[in-house]
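Read the structure below first, then the notes.
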Amino acid sequence: MASQSEAFSSTRRAVESAASQYYHGPLQTGIDNRIKRLLIERCLPHVQGPRVLDLGYIDGPWTDSLLSQGHRVDVIEGASHHVAHARQRYAEQPHVTVFHTLFETFEPAERYDSVVAGDMLGCVDDPVGLLRRAAGWLRPEGLLIVTVPNSRSLHRRVGSVMQVESTPGEVNSQYRAVGNRWAYDRYLLRHHLSSAGLEVLSVRGCFLKPLPSEQIQGWDDRLLRAFLEVGDELEDYCYYIYGISRRPRG
């Protein structure tokens, strides 16, 4: 059986490998981040401050949005390339601290008003264990905001019918290339939050994505917002899922 140190070394190698596959490329920094900003817009009203922990930096859309709300942001990032990007970007920003560490080894100096886990839960071996740790990083009234891609999204359902993948929930090669081990739908996200001992306040879908990113990258903002609104009618078919939860009271 591998030691904990060996397991963490393996995780670090996987994080560095995933960081080199897709992130900072034209799709991620283009259409995918444009959609992600719509998701963040939906989640921001649930974020409590002033101290917020951002799990997984990538290139900063969450951090930028949290700063725009006047919060102080601590960032946990495991990939050295992403860490360098963050430290350069926020070198003159006193309200941002970047920790180069794994989620599994982070130990906060104090608790947070909110913890944001943006699109990273599917990348860890033990998501329930991480959610349990994240709950311990919250102040008694703090909130945990989790976002994940939806395995039952419309474009994945279409891809399955076209036999691009066997089922919408398949953890396919593209998912694995960017580090994903889990494919979430609303039911699995709620189950993992509850299994971690959290009180689930809501689990919602966000943004109806009918086609792969390559085929919608030329869409203008007006069209993207139209699919954001229509997604509210078809949440189980949306591209993203977000969950709001807290430590149990009493």
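When the residues of region 214-250 are filtered to those that are assigned to a loop (DSSP other than H, G, I, E, B) and among the acidic types (Asp, Glu), which remaining residue is farthest from residue 204 (Cα to Cα)? Looking at the filtered set, the residue picked out is 220.
Of the residues making up region 81-98, those that are closer than 12 Å to residue 60 by Cβ and outside any helix (DSSP H, G or I) are 90, 93, 96, 98. Selection of region 1-29 for residues being at pLDDT 75 or above, surrounded by 13 or more Cβ atoms within 10 Å (Cβ to Cβ) and out of contact with any helix residue (DSSP H, G or I) (no Cβ under 8 Å at 6 or more places or on another chain) yields 28, 29. Here residue 72 clears all of (1) surrounded by fewer than 19 Cβ atoms within 10 Å (Cβ to Cβ); (2) more than 26 Å from residue 246 (Cα to Cα) except the condition numbered (2). Entry remark, region 55-80: residues being under 17 Å from residue 43 (Cβ atoms), within 15 Å of the chain's Cα centre (by Cα) and in a loop (DSSP other than H, G, I, E, B) number 4 in total. When residue 153 is tested against (1) at pLDDT 90 or above; (2) farther than 27 Å from residue 186 by Cβ; (3) more than 13 Å from the chain's Cα centre (by Cα), only condition (2) is not met.
The values are calculated or read from the model by the stated rules, or taken from the named source; none is laboratory data. These numbers were taken from a predicted model, which means no experiment stands behind them. All Cβ positions, glycine included, derive from the backbone under ideal geometry; neighbour counts span all protein chains shown.
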